[in-house]
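S.K.: Provided herewith is a single structure, encoded as structure tokens, for subsequent inquiry.
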Amino acid sequence: MNDVHVIAYFADDPTRTYQLVQWLDVLALLDQQHPVAVVVRDSGSADLLRRRTGLPVLLAVEFPELTALYEELDAKVVLYCNNSMLNFQSLLDGRRLHVHINHGESDKQSMASNNAKAYDRVFVAGEAAVQRHVSGLLELDTRKLVRTGRPQLDLRPAPLLAPSTRRTVLYAPTWEGDADYNDYTSLDVLGTRIVEQVLGVPDVRLVYKPHPKIVTSTTPAVREAHLEVLRLVAEAGERDPEAGHAQVLRGDILAVIPDCDAMVTDVSSVGLDWLYLRTERPIFLTDPHSDGERLRREVPVSRCADVVDDVTVDGLGALLTTRLERDEHHLARMAMRHHYFDDLQVGESTRRFLESVSALVARRDLLVGEVSAAGAGVVAETIA
């Protein structure tokens, strides 16, 4: 295993493996240029990831195991898809370049974390992400920010929805986060009313695709709302089997989005994935906190979407009917797509990502050579 060039590091439990799973196909492409190994700290995560990828998945539960593994691998670059506290045990290794690649592009507050300063590089999607970091962090060295787009959006996973002659509306709420400041879910506040409104639109198929952590949520209000939405969708399916209403609780949402005609979602990466892939189709963005001024200021995509809050949710069905026939925000979405993803087209994000990692692999070898040469010079001078 000492020929590994790149480590994809993941320290969390299986409930968060979705953060790395979305990268596996991209990492497989990278592996063709620079051998990749996945290093995990949790045995359950290791088991799950081994079922999902042909890349080597190596387990190092304890810190001494990690340091021994890093010494054996002698990799050049380490990639991080989140900001786990255990990332810092990996970051202690100063002989590699450490790169944060995140697990999506969104306007959640957690997307511009002070943790960014710990990494040698931070890969971001485009201008919006750069501005988010500059405005949200003090004393950030912006040279660390590398625009690579979002490579996952170049992939074309097999469809998860059956073909339908109906217009398909996707409801894709995010989870409640691990702190109040990062709680953007609409499910517990608006979810059942959103579903009822969509189901009331004639000739529409509803698809419910919640965030993976909603399915395992232990937050009572979220759990109850999730079960109620499942009940509503199931009952609607029994009343009208031809409608094809669906609950997609597993699988990649990028395999769902291409077959949908409109989407209702929260502040999350899903809304921006839609903006990139389905720019020509309407999006409805929820505001569960009913703070429209803050939403417009902090979430630029809201400026090219219809906002659903506690006041407007009861008119969602009528508005959705109108937007499916006459979309007034198409040109605004095109401009907003540029704001988030520059001018990237399908395929270009992957190219940028691969080229950026390759450049860092070469730079690491150059830096190690310079350090070694400088150290040899100091030794020679000392002996003399």
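The values are calculated or read from the model by the stated rules, or taken from the named source; none is laboratory data. Predicted model, so just to flag it, every value in this text is computed and none were measured. Ideal geometry is used to build each Cβ from the backbone, glycine not excepted, and the neighbour counts take in all protein chains shown. Please note that ligands, DNA and RNA were not included when accessible areas were found on the heavy atoms of the full protein model with its side chains. Shrake-Rupley method; radii C 1.70, N 1.55, O 1.52, S 1.80 Å.
S.K.: Is there a pair in Lys144/Lys213; Lys108/Lys209; Lys144/Lys209; Lys76/Lys213 whose C-alpha atoms are over 25 Å apart, and which pairs would that be?
M.R.: Lys144/Lys213; Lys144/Lys209; Lys76/Lys213
S.K.: Still on this structure: So, by mean Cβ neighbours within 10 angstrom, what's the order for 354-365, 204-215 with the highest one leading?
M.R.: Order by mean packing, descending: 204-215, 354-365.
S.K.: Also, quick follow-up: Using a/c under 1.5 as the rounded threshold, could you call segment 53-93 rounded, prolate or oblate? The axes a ≥ b ≥ c are square roots of the C-alpha gyration tensor eigenvalues, and prolate needs a/b larger than b/c, oblate otherwise.
M.R.: rounded
S.K.: Just check segment 193-267 against the gyration tensor rule for me: Cα atoms, a ≥ b ≥ c as the square roots of the eigenvalues, rounded for a/c under 1.5, and otherwise prolate or oblate depending on whether a/b exceeds b/c.
M.R.: oblate
S.K.: Let me ask something else. With a cut-off of at most 13 other beta carbons within 10 Å, and DSSP calling the residue loop, which trypsin sites (Lys or Arg not before Pro) in segment 261-332 qualify? Please list them.
M.R.: Arg326
S.K.: Measure nothing fancy, just the Cα-based angle from helix 348-383's long axis to the longest principal axis of the chain, in degrees from 0 to 90, nearest 10.
M.R.: Roughly 20 degrees, rounded to the nearest 10.
S.K.: Take the alpha-carbon centre of segment 1-47, take the same for segment 56-127, and report the distance between them in whole Å.
M.R.: A separation of 11 Å, based on Cα centres.
S.K.: Rounded to a whole number, what % of the accessible area of the chain do carbon and sulfur atoms account for, probe 1.4 Å?
M.R.: Whole-percent figure for carbon plus sulfur exposure: 52.
S.K.: Give me the dipole magnitude in Debye, nearest 20, for segment 85-182 about the Cα centre, with unit charges on the beta carbon: positive for Lys and Arg, negative for Asp and Glu.
M.R.: Charge dipole, segment 85-182, about its Cα centre: 420 debye, nearest 20.
S.K.: Report the calculated FRET efficiency for Gln131 and Asp240 (r = Cβ-Cβ distance, R0 = 51 Å), to the nearest 0.05.
M.R.: 0.65
S.K.: Which whole-Hz couplings ³J(HN,Hα) result when phi for each residue of segment 323-331 is put into the Karplus expression 6.51 cos²θ - 1.76 cosθ + 1.60, θ = phi - 60°, listed in order with x for Gly and Pro?
M.R.: 5, 5, 9, 9, 8, 8, 10, 4, 5
S.K.: Also, quick follow-up: Would you be so kind as to identify which of Met334, His103, Val301 lies farthest towards the positive end of the dipole of the chain, taking Lys and Arg as +1 and Asp and Glu as -1 on Cβ and the Cα centre as origin?
M.R.: Positive-most Cα among the choices belongs to Met334.
S.K.: In the set (1) 65, 52, 35; (2) 69, 46, 34; (3) 87, 39, 35, which value of Cα extents along the principal axes in Å was calculated from the structure you see?
M.R.: Derived directly from the coordinates: (3).
S.K.: Whole number in Å², please: accessible area per residue of segment 70-189, 1.4 Å probe, ligands, DNA and RNA not counted.
M.R.: 43
S.K.: So what does Arg147 come to for accessible area, using a 1.4 Å probe and Å² rounded to 10?
M.R.: 90
S.K.: Hey, another quick one. Where the centre of each part is set by its Cα atoms, how far does segment 214-243 sit from segment 170-195, in angstrom?
M.R.: Cα centres, segment 214-243 to segment 170-195: 14 Å.
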